[in-house]
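Structure first, commentary second.
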Amino acid sequence: MKDTIQQLTTAVGDLLTSDLQAINWEHKPAADKWSKKEIMGHLIDSAQINLQRFVRCTYEENFKLIYEQVEWVEAQHYQDAEITEILLLWKLLNEQIIRVLKNYPANRLSARCDNDKNEIKLRTVEWLAKDYVDHLKHHLGQVY
């Protein structure tokens, strides 16, 4: 878990210390593709869902928690939001995830929840945390 936490901390810091003004946040490569602003919004949605998974797994197990990523991005109108607000929310959510993971009860790291839309796939907290960071890094690669 320490490596996962360090990777998340580094990824957050790397984005926030990059040349954010050089990024064209508004451009949509196609009508059905997300802008970089919307990608960050998607990462906010992912952070919200995963934070809930991590918290609930401290006391609960075998629950299902999923979300509809396209619908969530559309419903939250990230394209119309100020990028400074999007980045601040993303930063704060990830700082909270880092705090939760750093203090995670060792006896609950193997607690599981289902994050699959189509079938039951119970995943441990450790797996979910690593998957969260891998997903975040993948999308940050699309941003800069």
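Quick note: the coordinates plus some simple rules give every number you see, no bench work behind them. The structure displayed is predicted, hence computed values, not measured ones. Backbone-built Cβ (ideal geometry, glycine too); neighbour counts: all protein chains shown.
So here's what we get for this one:
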item: Degrees, to the nearest 10: 2-16 long Cα axis against longest axis of the chain; result: 10 degrees
item: Global geometry of the range 1-62, whether rounded, prolate or oblate, following the gyration tensor of its Cα atoms and the 1.5 cut on a/c; result: oblate
item: Local net charge near Val73, Cβ-Cβ under 9 Å (Lys/Arg +1, Asp/Glu -1); result: -4
item: For the range 120-144 versus the range 36-87, the gap between their alpha-carbon centres in whole angstrom; result: 12 Å
item: Rounded if a/c under 1.5, otherwise prolate or oblate - the range 100-144, Cα gyration tensor axes; result: oblate
item: Size of the range 47-122 as Cα extents on the principal axes (Å, biggest first); result: 41, 31, 13
item: Spin-label model distance (nm) - Ala106 vs Thr17, 7 Å beyond Cα toward Cβ; result: 3.1 nm
item: Relative contact order of the range 41-144, pairs being alpha-carbon contacts under 8 Å that are 6 or more residues apart, as %; result: 37 percent
item: Within straight-line cross-link reach of Lys64, lysines at Cα separation under 25 Å, skipping those fewer than 8 residues along the same chain; result: Lys102, Lys117, Lys121, Lys130, Lys137
item: Net charge over other residues, Cβ less than 14 angstrom from the Cβ of Lys33 (K, R count +1; D, E count -1); result: -1
item: Hz values of 3J(HN,Hα) by residue in the range 76-90 - Karplus curve (6.51, -1.76, 1.60), Gly and Pro given as x; result: 9, 6, 4, 4, 8, 8, 6, 4, 5, 5, 4, 5, 5, 4, 4
item: Binned Cα-Cα distance frequencies in the chain - 5 Å width, integer %; result: 2, 10, 19, 22, 19, 14, 9, 4, 1, 0
item: The chain: most fluctuating residue of Leu93, Leu20, Leu43 per GNM, C-alpha cutoff 10 Å; result: Leu20
item: Formal net charge of residues neighbouring Arg123 (Cβ-Cβ distance under 12 Å; K, R +1; D, E -1); result: 0
